[in-house]
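Inspection log for the structure reproduced underneath, given as structure tokens.
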Amino acid sequence: MATQLEQAVPKAANAKIRAVYGNLVVVEAEGRVVQNSVAYCIRSDGVRLLSEVIRVRGQAADLQVFEETRGLKVGDPVELTEQMLSVDLGPGLLGQIYDGLQNPLPEVAKQAGYFLKPGMYLPALSTEKRWEFTPKVSIGQRVRAADTLGTVPEGIFEHCVMAPFGWRGEYVVEKIAPRGSYTVDQEIAVLRDRSGDLHSVSMQQRWPVKRPLMVCRRRLMPEEPLVTRVRIIDSMFPVVRGGTYCIPGPFGAGKTVLQQITSRNAEIDIVIIAACGERAGEVVETLRDFPKLTDPRTGRTLMERTVIIVNTSAMPVAAREASVYTAATIGEYYRQMGLNVLLLADSTSRWAQAMRELSGRLEEIPGEEAFPAYLESRIAAFYERAGAIELNDGRVGSLTIGGTVSPAGGNFEEPVTQGTLKVVGAFHGLSRARSDARRYPAIDPLESWSKYPGIIPQADMLKMRRLLQQGNEVRQMMTVVGEEGTSLEDFIVALKADFFDNCYLQQNAFDAVDGATPAQRQKFVFRKAMEVVDTELKVQDKAEARRVMFEISDLFRNWNYSAEGTEEYNRWLQAIDEFIATKGQRRHA
Amino acid sequence: MRKYFDAIRRIAGNVVTVQATGVGYDELAVIESAHGESLAQVIRLEGQQVSVQIFSGSQGVSNNDRVRFLRRPMEAIFSEDLFGRVFDGSGRPRDDRPMPAGRRIPIGAPPVNPVMRHMPDKMIHTGIPMIDVFNSLVESQKIPIFSVAGEPYNELLARIGMQANADIIILGGMGLRHDDYLKFCRTFEEGGALGRTIMFIHTAADPVVECLLVPDLCLAVGEQFALQSKRVLVLLTDMTAFADALKEISIIMEQIPSNRGYPGDLYTQMARRYEKAVDLEGAGSMTILACVTMPGDDVTHPVPDNTGYITEGQFYLRNGRIEPFGSLSRLKQQVNGKTRNDHRAIMDGCIQLYALCRESREKRDMGFEMSEWDKKLLKYGELFEERIMDLAVNIPLFEALDRCWAILAECFEPAETGIRRALIDEHWPKPRVSTAPTGKEKAAKKDESKQLVTA
Ligand SMILES: Nc1ncnc2c1ncn2[C@@H]1O[C@H](COP(=O)(O)OP(=O)(O)OP(=O)(O)O)[C@@H](O)[C@H]1O
Ligand SMILES: [Mg+2]
């Protein structure tokens, strides 16, 4: 009854390579072959290449190799294990930079230098670092899977050391380590199961990445807003803790930047960044910046709340497929501690393409655009791993998943976007027209949607959305009848819609103040923007209407750039109030 | 003792299948036939059936020929003697001079560990305002020029290449026309850069497999120089030819195409090359500038589309100008915050206004009355195109910024620009200055356009 993982020691070579084609290797096995288990292909120079069994046919098994297969030969030995592809869970994950298979990249660099080295697999958690353990159970106490046995401080968090997640039924604490400092592989407890067998437990445990990790009393309806400090998201298309959302958009529209600013500013405990099949350079920005940036909520560096999983486009494709699961598993692990976790995956299309490449090699019958037929169910299963849960001890934890989608040709009518839209709770669609015109964030306010509650009263939000629609209608009409054929009233509606778009929905990500608007300020600014929209302008003609709307836009923008509580801030606000009071007839700028 | 295998079972496309044992995946082979030797690479192992892809194509190969395996993957030669030399897509000299001696380096080696990358932070000044002001080029960036046949993309590539001031220039030509090749040579020669240039050239007349190897060779050699703390610039033209070569080969290999005949791993294949662009922590850098011709002038075509998803932005070259829309440098924000405090505001403001100008033009073209505001925008658009967008303009960054301010002041009231007050107060030109090109500059302009034609 112990976990399936504990005795999963690699055996001696028990298979031989029969064929090699790209990263697909066919082996002839001697004994039992377990689907999705880990294997090692052993190159003639002794290097062991991590692989996974992905199809079993009699004594033949297809393996996807997580490395370049260069140099493998027919007849080379293979070690098949019975262990699933798993990650190590324990204190020390935060602040780490892993590849898709949980190899710690800084450590790899120390040992291998500038380049990655196939076959080099290092322990994910340091076995040298000592953690200050405080026991939370006493001898004789009964515990179940995921119950907290003790805690260690990990940065700003109390990291819970939990009873192995895979266990069933009750266990009795036979031994528990006293307060003191321990490494992750030292025994901190001995638990006895019902048949009397003893199990040693350390601070670290393993979990297979493709199996959702969720030990809880029940799943909750996710409805607590997750504030990202991006106005258009929080106010118009909100995300909630435990919810899911996607950001599809053509190349260069701003998906990554949006995720980067979210990873910095989101009001959440832990952020997991899964850089999946995209540029290495983008990750470097995060890894160089985060240790220098402080989280205003805790005063500690952002790195202390972040885990980065990198599998960039130049890294092996099979590991890219695994990387999003690695990220999800680590996220779920922290959720088990009653924390709120945000997983940002960029880009889920690359993950889907990795599946496509593999499916092609397996010669499976292709679906639309050569994606495998199971694409949609895989996407659904991935987002299903998000959720808010009530733990067995009553605490609440959540995992929110936001994924970018990179549709071919920027056309949302393609399998990955469509498959994703079916399962997520919010859709932030980026538009090429907006990004070309540098209207950032380029989320299209007419196309996007969210099923979640936000920080702005529903009625107000709908009112502004209506304004945007009306503005759009007027603009379209104007392309037919021209400005001269448009009534002053309609014209003002279009100007007001522009005002709301330019001054509220758009936000300068690279400005220290405007780049992140806390919930409180958002609510206030939103109301102020509504007041402006509700103001009946005293204007004679279109030229004057345009002039006064330019003026208020200018005031608003400057207000957005001023830090709260400064004299500047008050001055701009005063001018705005004056504008409203005089219905746009405020003289002297 | 050399070991030969002569049981050739199948010859199809560029692929020959031979019965052999002890062969490693990806290793090189030589096929000896009546016409001499040709190089090949192992692309599939299945029991004793070894499939190799012949670089020069399988024409003339017979089932009586024999195959020898080299026990090593494809390699490039690395040495200081490469400078001024020209090679083909399998690394053989193209210039009738002997093969230089040097260290053998594998191509397509594992990628750089992301944590060993330095954050790109050095701006490359090109003198082209559409690049320097609006989409700054940064050392170690990978960025293509999106264009169509007939546009002077190779000239632009060569011009940026020369102005970039790199320690080493590596030119990779794929499906390159001979005159274009000569033009590059001439530009490098006139710029005195030939002594620090290495070329790997595949022409349209050469075997298609060799086209695939060109980027790998360039990047493998460039990477070695970068490790020696050199600033390397790799110019790749035309990456569409590379993608088409991939397509051709994958179809022969009977892979299921994903989009318009291109293989499903087109993204990965291209990304693995482009991702070699790097600024190494504690060593040199490699910048990649590429040309991508868009079939049918369609950016949603799989080649430009996948490229856009890989590279760090793109320059659209259309009607002899770098388009402000669509053109993008994703690394610009790494450098443009440190140039001058108005750089970013000008960058955003000018483009937003130019976008509005386009709308006004559309309205005008549809015969609508132009409001005062429209008229301002129209005037702005014209000035902007003439004094900033024109490729013949060749001025330093600060001068370009000043020129933008002058244009704004000539057309608008400060509040209409959307630029924030503090910057207006500091930079808005006080007395009205003329921004018309001076006589001297006009002459320079003429000179340059001449150069563009003859280059
Ligand atoms: N919110 C923003 N504010 C200012 N500039 C932005 C913003 N979002 C994007 N940009 C600009 O657009 C560029 C491209 O953005 P980004 O890298 O996020 O695109 P992407 O959608 O992730 O593209 P790809 O699919 O190719 O990865 C950025 O480098 C930046 O210059
Ligand atoms: Mg991106």
Of all residues in the range B:166-182, how many are under 26 Å from B:His301 (Cβ atoms) and either modelled with pLDDT under 90 or out of contact with any strand residue (DSSP E or B) (no Cβ under 9 Å at 6 or more places or on another chain) (or both)?
1
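Would you be able to say whether some residue in the range A:277-289 is among the polar types (S, T, N, Q), in a helix (DSSP H, G or I) and under 12 Å from the mean Cα position of the chain (by Cα)?
Restricting attention to the range A:277-289, the residues satisfying the condition of being among the polar types (S, T, N, Q) are A:286.
Filter once more, keeping what is in a helix (DSSP H, G or I): A:286.
Checking which are under 12 Å from the mean Cα position of the chain (by Cα) leaves us with none.
No - not one qualifying residue is present in the range A:277-289.
Only one of these is modelled with pLDDT of 90 or more, more than 15 Å from ligand 1 (Cβ to nearest atom) and out of contact with any Gly (no Cβ under 7 Å at 6 or more places or on another chain): A:Ala322, A:Ala328, A:Ala275. Name it.
Values: A:Ala322 fails: out of contact with any Gly (no Cβ under 7 Å at 6 or more places or on another chain); A:Ala275 fails: more than 15 Å from ligand 1 (Cβ to nearest atom).
Result: A:Ala328 is the single residue among A:Ala322, A:Ala328, A:Ala275 that is modelled with pLDDT of 90 or more, more than 15 Å from ligand 1 (Cβ to nearest atom) and out of contact with any Gly (no Cβ under 7 Å at 6 or more places or on another chain).
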Among (1) open to solvent by 10 Å² or more (accessible area, probe 1.4 Å); (2) at pLDDT below 95, which single condition is A:Met530 missing?
(2)
Go through the range B:124-165 and report how many residues are assigned to a strand (DSSP E or B) and either touching a helix residue (DSSP H, G or I) at 6+ places or on another chain (Cβ under 7 Å) or at pLDDT below 95 (or both).
8
Please report, ordered by residue number, the helices (runs of 4 or more DSSP H) entirely within the range A:357-475 with at least 1 residues that are more than 14 Å from every other protein chain (Cβ to nearest Cβ).
A:375-384, A:415-421
Of those in the range B:283-310 that are part of a loop (DSSP other than H, G, I, E, B) and touching a Leu at 6+ places or on another chain (Cβ under 8 Å), the residue nearest to the other protein chains (Cβ to nearest Cβ) is B:Ala283
Can you find even one residue in the range A:225-236 that is free of Cβ contacts under 8 Å to residues at least 40 places away in the same chain and open to solvent by 30 Å² or more (accessible area, probe 1.4 Å)?
no
Would you check if A:Leu125 is assigned to a loop (DSSP other than H, G, I, E, B), closer than 21 Å to A:Thr301 by Cβ and either aliphatic (A, V, I, L, M) or out of contact with any Pro (no Cβ under 8 Å at 6 or more places or on another chain) (or both)?
yes
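Only helices (runs of 4 or more DSSP H) wholly contained in the range B:315-405 count here; list those with 3 or more residues that are away from ligand 1 (no atom under 16 Å from the Cβ) and either among the hydrophobic types (A, V, I, L, M, F, W, C) or under 23 Å from B:Ile424 (Cβ atoms) (or both).
On the way: elements: B:332-335, B:343-365, B:372-384.
Those helices (runs of 4 or more DSSP H) span B:343-365, B:372-384.
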With the first residue restricted to the range A:238-260 and required to be within 14 Å of chain B (Cβ to nearest Cβ) and open to solvent by 10 Å² or more (accessible area, probe 1.4 Å), and the second required to be of a type in the set (A, V, I, L, M) and near ligand 1 (Cβ under 6 Å from one of its atoms), Cβ contacts under 7 Å at 6 or more apart or on different chains are A:Gly252/B:Leu328; A:Val257/A:Ala509
Within the range B:110-163, can you find the residues that are surrounded by fewer than 24 Cβ atoms within 10 Å (Cβ to Cβ), over 13 Å from the mean Cα position of the chain (by Cα) and hydroxyl-bearing (Ser, Thr, Tyr)?
B:Thr126
Considering residues of the range A:227-256 that are assigned to a loop (DSSP other than H, G, I, E, B) and more than 23 Å from A:Phe500 (Cβ to Cβ) only, the residue farthest from ligand 1 (Cβ to nearest atom):
A:Gly242
Quick one: which strands (runs of 3 or more DSSP E) sit completely within the range A:48-93 and have at least 2 residues that are open to solvent by 20 Å² or more (accessible area, probe 1.4 Å)?
A:48-57, A:77-84
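Quick one: would you say B:Gly22 is part of a loop (DSSP other than H, G, I, E, B) and either of a type in the set (Lys, Arg) or more than 14 Å from chain A (Cβ to nearest Cβ) (or both)? If you could, list the steps in order and put the result at the bottom.
Numbers: part of a loop (DSSP other than H, G, I, E, B): yes; either of a type in the set (Lys, Arg) or more than 14 Å from chain A (Cβ to nearest Cβ) (or both): no.
No, not satisfied.
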Among the residues of the range A:525-553, what is the count of those that are without any contact (Cβ under 8 Å) to a residue 12 or more places away in the chain and within 13 Å of chain B (Cβ to nearest Cβ)?
4
Looking only at the range B:298-313, how many residues end up being among the polar types (S, T, N, Q) and more than 16 Å from ligand 2 (Cβ to nearest atom)?
1
Matching residues, the range A:319-355, being open to solvent by 10 Å² or more (accessible area, probe 1.4 Å), under 23 Å from A:His428 (Cβ atoms) and more than 15 Å from ligand 2 (Cβ to nearest atom):
A:Asn340
Of (1) surrounded by 14 or more Cβ atoms within 10 Å (Cβ to Cβ); (2) in contact with a Pro (Cβ under 9 Å, 6 or more places away or on another chain); (3) assigned to a loop (DSSP other than H, G, I, E, B), A:Asp554 fails just (3)
Against the condition of a type in the set (A, V, I, L, M), facing chain A (nearest Cβ under 9 Å) and in contact with a Gly (Cβ under 9 Å, 6 or more places away or on another chain), how does B:Leu280 come out, does it pass?
no
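The values are calculated or read from the model by the stated rules, or taken from the named source; none is laboratory data. As the structure is a computational prediction, the values presented were derived from the model and not from experiment. Here the Cβ is made from the backbone with ideal geometry for all residues, glycine too, and neighbour counts use every protein chain on show. These accessible areas exclude ligands, DNA and RNA; they are computed on the full protein's heavy atoms, side chains included. Shrake-Rupley method; radii C 1.70, N 1.55, O 1.52, S 1.80 Å.
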